[in-house]
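Novice: One structure, as structure tokens, below. Some questions next.
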Amino acid sequence: MREVAIIGVGAHPTGQFTDKSLKDLGYTAIWGALKDAGVTPEDIDVAYVGNSLGGLLTGQEGVRGQVVLQHSGITGIPVINVENACASAATALRGAWLEVASGAADVAIAVGVEKMYVGDTARTIGALSSVSELDLSQMGMQFTTSYAIHPKINLKGKMKEYGWTSADFAKPAVKNSYNGSLNPLAQHRRALTIEQVVQSRIVVDPLTLYMCASISDGAAAAVVCAADMASKFTSKTPIRIASCVLRSGEYRLPNDKRLDSATVSAQAAYEEAGIGPEDLGAIELHDAMAPAELMLYERLGLCGPGEGPKLIDDGTTTLRGRLPVNPSGGLCSRGHPVGATGLLQIAELVWQMRGEAGPRQIEKRPKVTMAQNQGGLLLGQDSAVYGVTILKS
Amino acid sequence: MNLLHSSGVVMPTDPKQTPYLLGGKCSNCGTVVFPKMPVCPKCRRNGTVEDIEIGRKGRLFSHTIARFAPKGFKAPFFQIFVDLPEGPRIFSLVGAECPVEDGVLEDGMEMRLVVESLADTPENKDTLTYKYVPAAKSGKPRHA
Ligand SMILES: [Zn+2]
């Protein structure tokens, strides 16, 4: 396998963009990445385009990748459409990485794009529910519920098991809202207090409104190439993909003694990259519901069971801490246009590693970073997709 | 009336028989799954999963009150996971006889299966599904 580098990233801001289509959102991200990488559409050998809900929400059921890419001047190449729920973009990146790593292509682009504001919130929520297995969504299962009581995370149960409080659950939301307030691309740019988060209305007990990612439009893209070719296109620091792990969930029974899938996928990514959690300088992780960040701390190997809130209390994972987590603002503040999220995470990490993150720049520019993206829900008591990417500069 | 997941919940024609869920039991390793599937998820044998009646009762694993409802449902409503004595842990809803209030349900409590409308909404009132209610007759709040 060849070493692969990210040489350019681009993103469309997240939020409500009523007049913009999937094509418009994609165009901004794609050309942002092309220019950043110093490549032209003719340089792109292959493209992977992640999108989750475009079929249901826009009516463009098929060939969304070709439609989006043609609008941006990229045609006549292999285009692979990727649907993998909220991890569609991480999956697209893996495809692009594999094309170049294998030698099949020299330059590839990964795109993630999502259009969730369609003038009918109920329809958007319905479409979101449909990325869970139908047997669950037909019974009224929602993502909020899945974080609140689903056996794979069961935040409500953690209150009893770990003694976590509503204020603990608010901590990641507060931390990330501050980061988001510094990010011009972010959907929500207001720094929140613990009181504001705790006292916002209850969506699904114990989750309040400000603990939940809202619906969002957005897009992101990354251009990757063989690492030894990077200097041909750009003088910027190439960001190497040290590992790019993708796993489906397991069918889990109540007495399942195996490690949970977030842990297993992170361990695989660490091993492949030849590093451990202590080597990381920044993480973008999947906090679709803010308190999930506390659980992910332990699953990514950052702390022991129940110790998550301490990492925020002692400043470790804050923007000025030793290991900033979700410097972009994360899913709740930066935004969660589901099929774009994984590449929004990658774009943020690349900017941080190059020192281009503006007011939210991590002081000690991180050299090793991780993006953790997941999505979907299966009957077998697990998420459908886990994606973990480790970057090195 | 039609049945949601018509292969999953069985309404016996004999009125003396109570409804049950149609699960699958692996004849190789004993794993019980719901809903049924052709390959055992534990030992991965194909064709070893046989029909089994399950789910007449269960124990509440977790519960919450959803304050917002997806289309076709009415908030507030309980959403729960139930551990069935036969093995599976399943997602379900709570029967209408149980008031939607804090303190009514407690994790670990005994539950029993009821079959009723998926939701009291135009979209779902004619669709039957499996739900659970506290097994104790009263279902009254237990103040700890
Ligand atoms: Zn078996």
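The values are calculated or read from the model by the stated rules, or taken from the named source; none is laboratory data. In this text the structure is predicted, and so the values were computed from the model without any measurement. Because the Cβ atoms are built from the backbone with ideal geometry, glycine has one as well, and the counts that use them run over all protein chains shown. For the accessible areas, the whole protein counts, side chains as well, though only heavy atoms, and no ligand, DNA or RNA atoms are used. Shrake-Rupley method; radii C 1.70, N 1.55, O 1.52, S 1.80 Å.
Novice: Tell me whether segment A:232-243 contains one or more residues that are assigned to a helix (DSSP H, G or I) and touching a helix residue (DSSP H, G or I) at 6+ places or on another chain (Cβ under 7 Å). Reasoning before the result, please.
Specialist: Step one: of segment A:232-243, the residues assigned to a helix (DSSP H, G or I) are A:232-233.
Add one more test, that the residue is touching a helix residue (DSSP H, G or I) at 6+ places or on another chain (Cβ under 7 Å), and what stays is A:233.
Yes, that holds for at least one residue.
Novice: Might you let me know whether segment B:43-60 holds any residue that is within 23 Å of B:Asn124 (Cα to Cα), within 12 Å of chain A (Cβ to nearest Cβ), surrounded by 16 or more Cβ atoms within 10 Å (Cβ to Cβ) and away from the ligand (no atom under 16 Å from the Cβ)?
Specialist: No, that holds for no residue.
Novice: Which residue is least open to solvent (accessible area, probe 1.4 Å), if the candidates are limited to segment B:74-89 and must be among the charged types (D, E, K, R) and in a loop (DSSP other than H, G, I, E, B)?
Specialist: Here the answer is B:Glu86.
Novice: Based on this model, can you work out whether B:Lys16 counts as more than 9 Å from chain A (Cβ to nearest Cβ), more than 9 Å from the ligand (Cβ to nearest atom), among the charged types (D, E, K, R) and in contact (Cβ under 8 Å) with a residue 24 or more places away in the chain?
Specialist: Working: more than 9 Å from chain A (Cβ to nearest Cβ): yes; more than 9 Å from the ligand (Cβ to nearest atom): yes; among the charged types (D, E, K, R): yes; in contact (Cβ under 8 Å) with a residue 24 or more places away in the chain: no.
Against the criterion (more than 9 Å from chain A (Cβ to nearest Cβ), more than 9 Å from the ligand (Cβ to nearest atom), among the charged types (D, E, K, R) and in contact (Cβ under 8 Å) with a residue 24 or more places away in the chain), B:Lys16 does not qualify.
Novice: Sticking with this structure for a sec: Check off (1) within 16 Å of the ligand (Cβ to nearest atom); (2) surrounded by fewer than 19 Cβ atoms within 10 Å (Cβ to Cβ) for B:Lys25 and give me the number that stays unchecked.
Specialist: Just one mismatch for B:Lys25, condition (2).
Novice: Go through segment A:159-198 and give me each residue that's within 14 Å of chain B (Cβ to nearest Cβ) and more than 24 Å from the chain's Cα centre (by Cα).
Specialist: Of everything in segment A:159-198, those that are within 14 Å of chain B (Cβ to nearest Cβ) and more than 24 Å from the chain's Cα centre (by Cα) turn out to be A:Met159, A:Lys160, A:Glu161, A:Ser166.
Novice: Looking at this structure, is B:Lys36 more than 12 Å from chain A (Cβ to nearest Cβ), of a type outside the set (Asp, Glu) and surrounded by fewer than 19 Cβ atoms within 10 Å (Cβ to Cβ)?
Specialist: So B:Lys36 does not fit the description; no.
Novice: Is at least one residue of segment A:155-176 assigned by TED's automatic domain parsing to the domain that holds A:Arg320, of a type in the set (Lys, Arg), open to solvent by 10 Å² or more (accessible area, probe 1.4 Å) and outside any helix (DSSP H, G or I)?
Specialist: Here is the first cut: in segment A:155-176, the ones assigned by TED's automatic domain parsing to the domain that holds A:Arg320 are A:155-176.
Add one more test, that the residue is of a type in the set (Lys, Arg), and what stays is A:156, A:158, A:160, A:171, A:175.
Filter once more, keeping what is open to solvent by 10 Å² or more (accessible area, probe 1.4 Å): A:156, A:158, A:160, A:171, A:175.
Now narrow it down to the ones that are outside any helix (DSSP H, G or I): none.
Looking for residues that are assigned by TED's automatic domain parsing to the domain that holds A:Arg320, of a type in the set (Lys, Arg), open to solvent by 10 Å² or more (accessible area, probe 1.4 Å) and outside any helix (DSSP H, G or I), one finds none in segment A:155-176, hence no.
Novice: Here's another thing I want to ask about it. Considering only segment A:127-141, state which residues are at the interface with chain B (Cβ under 8 Å from one of its Cβ atoms), open to solvent by 20 Å² or more (accessible area, probe 1.4 Å) and in contact (Cβ under 8 Å) with a residue 40 or more places away in the chain.
Specialist: Matches in segment A:127-141: A:Asp135 only.
Novice: Another one. Given the condition touching a residue at least 24 places away in the same chain (Cβ under 8 Å), within 16 Å of the ligand (Cβ to nearest atom) and in contact with a Pro (Cβ under 7 Å, 6 or more places away or on another chain), answer yes or no: does some residue in segment B:77-85 qualify? Don't jump to the end; show me each part of the working.
Specialist: As a first pass, look at segment B:77-85 and keep what is touching a residue at least 24 places away in the same chain (Cβ under 8 Å): B:77-78, B:80, B:82-85.
Then drop every residue that is not within 16 Å of the ligand (Cβ to nearest atom), which leaves none.
The answer is no; no qualifying residue exists.
Novice: Also, I was wondering about something else. Quick check on B:Arg142: is it more than 13 Å from chain A (Cβ to nearest Cβ), modelled with pLDDT of 95 or more and open to solvent by 70 Å² or more (accessible area, probe 1.4 Å)?
Specialist: no
Novice: Does B:Lys71 count as open to solvent by 30 Å² or more (accessible area, probe 1.4 Å) and within 16 Å of the ligand (Cβ to nearest atom)?
Specialist: Values: open to solvent by 30 Å² or more (accessible area, probe 1.4 Å): yes; within 16 Å of the ligand (Cβ to nearest atom): no.
It is false that B:Lys71 is open to solvent by 30 Å² or more (accessible area, probe 1.4 Å) and within 16 Å of the ligand (Cβ to nearest atom).
Novice: Which pairs have Cβ atoms under 7 Å, sit 6 or more apart or on different chains, and link a residue in segment A:367-389 that is charged (D, E, K, R) to one that is part of a strand (DSSP E or B)?
Specialist: Going by the 7 Å Cβ cut-off, the qualifying pairs are A:Lys367/A:Lys392.
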